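Remarks on the structure that follows.
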Amino acid sequence: MASPHFVVVVGEQWSEAKGPGPVLGLTVSKKVGTAVVRNRVKRRIREWFRRSRAALPQNLELVVIARRGAAEIGMLETERELGSFFR
């Protein structure tokens, strides 16, 4: 699934070793910005995941890949784009 600022790859957990509940993986390349900018983008994605975790399927593994321009959007737009994948 893709949006203007993120690509999300979704799969089912193949192992219960990671514990119950959905699992998040992140990829934010240097194309997005400096280390400070990349960390800010990752914090926003993790916050969206923390808030949305209860509503997501329990056996879900997802990888969020930030595209160029992900640093220019705020938390509300981040939540809107990522949330649109799971409605």
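Worth a mention:
- Carbon and sulfur %, accessible surface of the chain computed with the full protein complex present, 1.4 Å: 55 percent
- The HN-Hα couplings worked out from phi for the stretch 23-36 by the Karplus form 6.51 cos²θ - 1.76 cosθ + 1.60 (θ = phi - 60°) are 10, 10, x, 10, 9, 10, 7, 5, 5, 6, x, 5, 4, 4 Hz, whole numbers, x standing for Gly and Pro.
- Unit Cα scatterers, Debye sum, the chain: log10 I(q)/I(0) for q = 0.11, 0.21, 0.23 Å⁻¹: -0.28, -0.98, -1.13
- Karplus-derived 3J(HN,Hα), 6.51/-1.76/1.60, for each residue of the stretch 40-55, Hz, glycine and proline x: 5, 4, 5, 4, 5, 5, 4, 5, 4, 4, 4, 6, 9, 4, 5, 8
- Relative contact order %, the chain, counting alpha carbon pairs below 8 Å whose residues are six or more apart: 47 percent
- Summary of packing: across the peptides 23-36, 65-78, the per-residue average of other C-beta atoms within 10 Å ranks them, highest first, as 65-78, 23-36.
- Using Cβ point charges alone (K and R +1, D and E -1), the dipole size of the stretch 10-87 about the Cα centre works out to roughly 400 debye.
- Estimated [θ] at 222 nm from DSSP helical runs (n ≥ 4, -39500 (n - 2.57)) normalised by residues in the chain, nearest 500: -10500 deg cm²/dmol
- Using a probe of 1.4 angstrom and keeping all protein chains present, the accessible surface of the chain works out to 62 square angstrom per residue.
- Within the chain, percent of DSSP bridges classed antiparallel, to nearest 5: 55 percent
The values are calculated or read from the model by the stated rules, or taken from the named source; none is laboratory data. Quantities reported herein were computed from a predicted structural model and do not represent experimental measurements. Note: ideal-geometry Cβ built from the backbone for every residue, glycine included; neighbour counts use all protein chains shown. For the accessible areas, the whole protein counts, side chains as well, though only heavy atoms, and no ligand, DNA or RNA atoms are used. Shrake-Rupley method; radii C 1.70, N 1.55, O 1.52, S 1.80 Å.
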